[in-house]
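Undergrad: Questions regarding the structure given below will be posed in turn.
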Amino acid sequence: MIERIVLIGFMCSGKSTVGRLLAERLGWGLIDFDETIERREDRRIADIFDEHGEAHFRRLEAQLTGQVEARTGVVLVPGGGWVTQQGLVELLRPSSLFVWLRVRPDTVYDRHSRLGRGDRPLLAGDDPRAAIRELLAAREPLYQLADVTIDTDSREADDVADQITRLLLREGVEGRK
Ligand code: S3P
């Protein structure tokens, strides 16, 4: 029985929006990792990277993962690089459905140019296209560990959330305890 959903995928794949819609539809809790970390640290992600470095941010992600490990009836939305840390996927694997929101590099670039500038330190360099290509290539094998893959290019978050909800209703969900 599925007791929680973990949305994984690259930056700008729509994880946060889809996660919020999904939690609403299911009446489940929502834990958006980036938002939680920003609230706790009282800093934007970009400032955490700037002041303490990426390794420190990864430690905060790992710590949060340990803290939510026992939660059920919840949609978990880690950041795009969360999958790169060994052991975290395995920690949440029991009774979770991992859903990969897949995006093409061009879609990431377009969405990032429109919406995400300044907010994503790993794409803030001179050549975001190259950064997207390289990071995506390195991470794709990790995202492939998901139970379900959903292509999100040219699709509304609402539509993606509907698809996941239908799938869950078919599979059977346990919900909050
Ligand atoms: C990151 C993705 C970001 C955020 C941080 C690092 C990554 O989250 O956690 O900037 O390594 O891919 P989103 O995937 O929500 O943009």
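What follows is calculated from the coordinates using simple rules that are stated; it is not laboratory data. Remember, it's a predicted structure, so these values are computed and weren't measured experimentally. Every residue, glycine as well, gets a Cβ built from its backbone with ideal geometry; the counts of neighbours run over all protein chains shown.
Undergrad: State which residue pairs qualify: first residue within 14 Å of Gly9 (Cβ to Cβ) and inside the stretch 125-145, second residue assigned to a helix (DSSP H, G or I) in any location, beta carbons under 6 Å apart, and separation of 6 or more residues or different chains.
TA: Matching pairs, first to second residue: Ile132/Pro105; Ile132/Val108; Ile132/Tyr109; Leu136/Pro105; Leu142/Val83; Leu145/Val89.
Undergrad: Can you pull out the residues in the stretch 99-115 that are farther than 18 Å from Leu21 by Cβ and either touching a helix residue (DSSP H, G or I) at 6+ places or on another chain (Cβ under 7 Å) or of a type in the set (S, T, N, Q) (or both)?
TA: Hits for the stretch 99-115 are Pro105, Thr107, Val108, Tyr109, His112, Ser113.
Undergrad: Now a separate question. Can you spot a residue in the stretch 160-174 that is within 30 Å of Gly53 (Cα to Cα) and surrounded by fewer than 19 Cβ atoms within 10 Å (Cβ to Cβ)?
TA: no
Undergrad: Among Phe57, Phe98, which is the only one that is surrounded by 14 or more Cβ atoms within 10 Å (Cβ to Cβ) and more than 24 Å from Leu123 (Cα to Cα)?
TA: Phe98
Undergrad: Do any residues in the stretch 18-47 that are within 12 Å of the ligand (Cβ to nearest atom) have Cβ atoms under 8 Å from those of residues that are small (Gly, Ala, Ser) and assigned to a helix (DSSP H, G or I), where the two are at least six apart or on different chains, and which pairs are they?
TA: Pairs found: Val18/Ala157; Val18/Ala161; Asp32/Ser16; Asp32/Gly19; Asp34/Ser16; Glu35/Ser16.
Undergrad: Another one. Return the residues of the stretch 30-87 that are basic (Lys, Arg) and part of a loop (DSSP other than H, G, I, E, B); say none if nothing qualifies.
TA: Answer for the stretch 30-87, where residues must be basic (Lys, Arg) and part of a loop (DSSP other than H, G, I, E, B): Arg43, Arg44, Arg71.
Undergrad: Report whether or not Ala130 is away from the ligand (no atom under 14 Å from the Cβ), in a helix (DSSP H, G or I) and farther than 27 Å from Ile164 by Cβ.
TA: yes
Undergrad: Exactly one of (1) in a helix (DSSP H, G or I); (2) under 15 Å from Gly9 (Cα atoms); (3) away from the ligand (no atom under 13 Å from the Cβ); (4) touching a strand residue (DSSP E or B) at 6+ places or on another chain (Cβ under 7 Å) is unmet by Thr149. Its number?
TA: (1)
Undergrad: Please give the number of the condition Val68 fails out of (1) farther than 19 Å from Ala124 by Cα; (2) within 9 Å of the ligand (Cβ to nearest atom); (3) not acidic (Asp, Glu).
TA: Every listed condition holds for Val68 apart from (2).
Undergrad: Separate question: Can you report the number of residues in the stretch 1-29 which are in a loop (DSSP other than H, G, I, E, B) and within 18 Å of the chain's Cα centre (by Cα)?
TA: Final tally of qualifying residues: 8.
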